[in-house]
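The values are calculated or read from the model by the stated rules, or taken from the named source; none is laboratory data. From a predicted model like this one, the values you see are computed outputs, not experimental measurements. Heads up, the Cβs are rebuilt from the backbone with ideal geometry, glycines too, and the neighbour counts pull from every protein chain shown.
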Amino acid sequence: MAKIIGGLFTSHVPAIGNAIAKGVQQDPYWKPFFDGFAPARRWLDEHKPDVAVVFYNDHGLNFFLDKLPTFAVGAAAHYEHADEGWGLKPFEPLPGDPELSWKIIEGVVADEFDVTTCQEMQVDHACAVPVELLWPNTTPHPVRVVPIMVNTVQHPLPSAKRCLALGQAVGRAIEAYEKDLKVVVLGTGGLSHQLDGTRAGYINREFDHLCLDRLIDKPEALTRYSNVELVDLAGTQGIELLNWIAARGALGGNVSELHRTYHIPISNTASAIQLLENRPAREARLRRTG
Ligand code: DHB
Ligand code: FE
């Protein structure tokens, strides 16, 4: 059976892709940020997941404001990374796992999440940069990906409660898949940041740490915030926290935090990397209830 082994939560910023392309990871500005990924890479090297299910938001590349699903699941054989207007060189296309994608789609639709299904899909920095950070310089890619897009861009956005529930449904669908696969879940974006308007540059360190703490053992506490409250606390783009909440939902109840780095700023963003590992107790509980 497929098994979710843990989750990795990371910021996504186009400038990170540029730093990788220029090879400036050791420059003083970037070093603390890139160094934060070493423990996560060691963990991936040790556990070697087959597939990464990536909860992210599209920034106008694959979907634009004229047609924007609330939730969309990729079901393609590969996902092209394309430039969204930054003039950056795209990374190599990411291999997909259409069979797992369809299991997830069937599972979540049966759970009453009416997702958009994408048999062709381009992915932007929000999916490609975290994959490149976690599996750098690897062609062909050692993991297949299933991208799951959450609308964090245009009103009305799904609630934090709905995103957590979507993630839980995705987690159930993955663990009901009969193939022996190791799956890691990624949540990308955030943490607090605001790129425009009078609060451009806004960062809320205290709220970010509260979110990182609650993601470990009490993610449902984060669902008490309305989206207006989240924008107020985390900034207009800090609402990308919804991707993290959805990804956390897929991990189920029992996780341990193995690693966390919090670093300000990358671009106008409070950046973080968090590694949560699923505890064996979860398996025991599933066996009891299953
Ligand atoms: C930037 C873009 C993002 O999508 C994001 O989540 C954070 C920062 C940026 O352009 O700096
Ligand atoms: Fe973003």
Cross-chain or 6+ apart pairs with Cβ under 6 Å, region 54-71 first and within 11 Å of ligand 2 (Cβ to nearest atom), then modelled with pLDDT under 95 | His59/Glu84
Flag for Val108 being touching a helix residue (DSSP H, G or I) at 6+ places or on another chain (Cβ under 7 Å), at pLDDT 95 or above, among the β-branched types (Val, Ile, Thr) and over 29 Å from Asp232 (Cα atoms) | yes
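If you go through region 167-196 one residue at a time, how many are part of a loop (DSSP other than H, G, I, E, B), more than 19 Å from Ala75 (Cβ to Cβ) and either modelled with pLDDT under 95 or of a type outside the set (Gly, Ala, Ser) (or both)? Before the answer, list the steps.
As a first pass, look at region 167-196 and keep what is part of a loop (DSSP other than H, G, I, E, B): 176-181, 189-192, 194-196.
Checking the rest, the ones that are also more than 19 Å from Ala75 (Cβ to Cβ) come to 180, 189-192, 194-196.
Subset that is either modelled with pLDDT under 95 or of a type outside the set (Gly, Ala, Ser) (or both): 180, 190-191, 194-196.
Of the residues in that region, 6 qualify.
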Please work out which one of (1) within 16 Å of ligand 2 (Cβ to nearest atom); (2) at positive phi is the condition Glu112 fails and give its number.
-> (1)
Kindly indicate whether any position in region 193-212 is touching a residue at least 24 places away in the same chain (Cβ under 8 Å), crowded, with 24+ Cβ neighbours inside 10 Å, of a type in the set (A, V, I, L, M) and within 13 Å of ligand 1 (Cβ to nearest atom).
-> no
Would you mind telling me which numbered condition in (1) within 29 Å of His193 (Cα to Cα); (2) in contact with a strand residue (DSSP E or B) (Cβ under 6 Å, 6 or more places away or on another chain); (3) not in a loop (DSSP other than H, G, I, E, B) Pro95 fails?
-> (1)
Those residues of region 232-249 that are surrounded by fewer than 24 Cβ atoms within 10 Å (Cβ to Cβ), part of a helix (DSSP H, G or I) and out of contact with any Phe, Trp or Tyr (no Cβ under 8 Å at 6 or more places or on another chain) come to a total of 1
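To keep it simple, each residue is scored yes or no on (1) in a helix (DSSP H, G or I); (2) over 24 Å from Asn268 (Cβ atoms); (3) out of contact with any helix residue (DSSP H, G or I) (no Cβ under 7 Å at 6 or more places or on another chain).
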| residue | (1), (2), (3) |
| --- | --- |
| Arg41 | yes, yes, no |
| Glu46 | yes, yes, yes |
| Pro49 | no, yes, yes |
| Phe55 | no, no, no |
| Pro69 | no, yes, yes |
| Ala72 | no, yes, yes |
Which numbered condition Asp35 misses (of (1) within 16 Å of ligand 1 (Cβ to nearest atom); (2) over 18 Å from the mean Cα position of the chain (by Cα)) | (1)
Scan (1) in contact with a strand residue (DSSP E or B) (Cβ under 8 Å, 6 or more places away or on another chain); (2) free of Cβ contacts under 8 Å to residues at least 60 places away in the same chain for the single condition Phe9 breaks and write down its number.
-> (2)
Tell me which of these Gly87 doesn't satisfy, since it passes every other one: (1) in a loop (DSSP other than H, G, I, E, B); (2) farther than 19 Å from Pro14 by Cβ.
-> (2)
